[in-house]
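Chemist: Got a structure for you, written out below as structure tokens; questions coming shortly.
The values are calculated or read from the model by the stated rules, or taken from the named source; none is laboratory data. Note that the structure is a prediction, hence the values are computed from the model and not measured. Please note: Cβ atoms are built from the backbone with ideal geometry, for glycine as well, and neighbour counts cover all protein chains shown. To get the accessible areas, we keep the full protein, side chains included, count just its heavy atoms, and leave off ligands, DNA and RNA. Shrake-Rupley method; radii C 1.70, N 1.55, O 1.52, S 1.80 Å.
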Amino acid sequence: MKAPLFYRIAAVLLALFAVAHTLGFRQSDPAWHVGPLLASIQSLHFDVQGSSRTYWDLFVAAGFSVGVFYLFSAVLAWQLGSVPAATRSSMQVTAWGFVLCFAGVTVLSYKYLFILPVIFSFLITACLTAAAWLSRRRS
């Protein structure tokens, strides 16, 4: 298999991850019994640099920011799959930086989240690793 295919697979997984995250991060199951906590973080306001905010506002901003990051990552992966092999070969710092970024996402997902983000981030990391490895400079 060739690097562009792995980048394209990663791009599709990242787009799905972006959509799932954006639609799901604000959801809560009544079985979790967190209703009073959510009501509290949604209603208690405090001043931050001249703006009245709640912890819910900060949570929503962080969640949407992650979704935007995943969407940008999907575009970047697709683009890396579209460039000529010589160009990909000259972009090793970008390729391996992308791998390290998602390896970090995988570790954080494993430590703090649940199985679905762990699976997505692991598969994305694996695809990006394969693509970076296959794109390396040949002597």
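Chemist: Under 8 Å by Cβ, and 6 or more places apart or on different chains, what pairs join a residue from the range 105-132 that is in contact (Cβ under 8 Å) with a residue 40 or more places away in the chain with one that is open to solvent by 30 Å² or more (accessible area, probe 1.4 Å) and outside any helix (DSSP H, G or I)?
Modeler: A130/M1
Chemist: Report whether or not V48 is farther than 19 Å from A15 by Cα, among the hydrophobic types (A, V, I, L, M, F, W, C) and crowded, with 16+ Cβ neighbours inside 10 Å. Break it down stepwise before answering.
Modeler: Details: farther than 19 Å from A15 by Cα: yes; among the hydrophobic types (A, V, I, L, M, F, W, C): yes; crowded, with 16+ Cβ neighbours inside 10 Å: no.
Taking the combined requirement at face value, the residue does not satisfy it.
Per-residue answers, yes or no, for (1) without any contact (Cβ under 8 Å) to a residue 12 or more places away in the chain; (2) open to solvent by less than 50 Å² (accessible area, probe 1.4 Å):
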| residue | (1), (2) |
| --- | --- |
| K2 | no, no |
| F6 | no, yes |
| R26 | no, no |
| H33 | yes, no |
| V60 | no, yes |
| W96 | no, no |
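Table: residues versus (1) part of a helix (DSSP H, G or I); (2) acidic (D, E); (3) touching a helix residue (DSSP H, G or I) at 6+ places or on another chain (Cβ under 7 Å); (4) farther than 18 Å from G104 by Cα.
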position	(1), (2), (3), (4)
A11	yes, no, yes, no
A20	yes, no, no, yes
Q27	no, no, no, yes
S52	no, no, no, yes
A62	yes, no, no, no
S65	yes, no, no, no
F72	yes, no, no, no
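Chemist: If you don't mind, there's one more thing I want to ask. Take L5 and tell me if it is assigned to a helix (DSSP H, G or I), more than 12 Å from the chain's Cα centre (by Cα), closer than 24 Å to I119 by Cβ and of a type outside the set (S, T, Y).
Modeler: For L5, the condition - assigned to a helix (DSSP H, G or I), more than 12 Å from the chain's Cα centre (by Cα), closer than 24 Å to I119 by Cβ and of a type outside the set (S, T, Y) - is met.
Chemist: So which residues in the range 5-55 are in contact with a strand residue (DSSP E or B) (Cβ under 7 Å, 6 or more places away or on another chain) and more than 30 Å from F72 (Cβ to Cβ), if there are any at all? Give the steps one after another, and end with the answer.
Modeler: As a first pass, look at the range 5-55 and keep what is in contact with a strand residue (DSSP E or B) (Cβ under 7 Å, 6 or more places away or on another chain): 45-46, 53.
Residues satisfying the conditions are H45, F46.
Chemist: Still on this model: Going by what's in this entry, would S65 be described as within 27 Å of A132 (Cβ to Cβ) and open to solvent by 30 Å² or more (accessible area, probe 1.4 Å)? Quick ask: steps written out before the conclusion?
Modeler: Working: within 27 Å of A132 (Cβ to Cβ): yes; open to solvent by 30 Å² or more (accessible area, probe 1.4 Å): yes.
It is true that S65 is within 27 Å of A132 (Cβ to Cβ) and open to solvent by 30 Å² or more (accessible area, probe 1.4 Å).
Chemist: Working only within the range 105-135, note down all residues that are under 10 Å from the mean Cα position of the chain (by Cα) and open to solvent by 30 Å² or more (accessible area, probe 1.4 Å).
Modeler: F120
Chemist: Filter the range 70-94 down to residues that are over 23 Å from F17 (Cα atoms) and either touching a strand residue (DSSP E or B) at 6+ places or on another chain (Cβ under 8 Å) or crowded, with 17+ Cβ neighbours inside 10 Å (or both), then give me how many there are. Please lay out each step first, then the result.
Modeler: To start, the set of residues in the range 70-94 that are over 23 Å from F17 (Cα atoms) comprises 83-93.
Those left that are additionally either touching a strand residue (DSSP E or B) at 6+ places or on another chain (Cβ under 8 Å) or crowded, with 17+ Cβ neighbours inside 10 Å (or both): 88.
Matching residues across the range 70-94 total 1.
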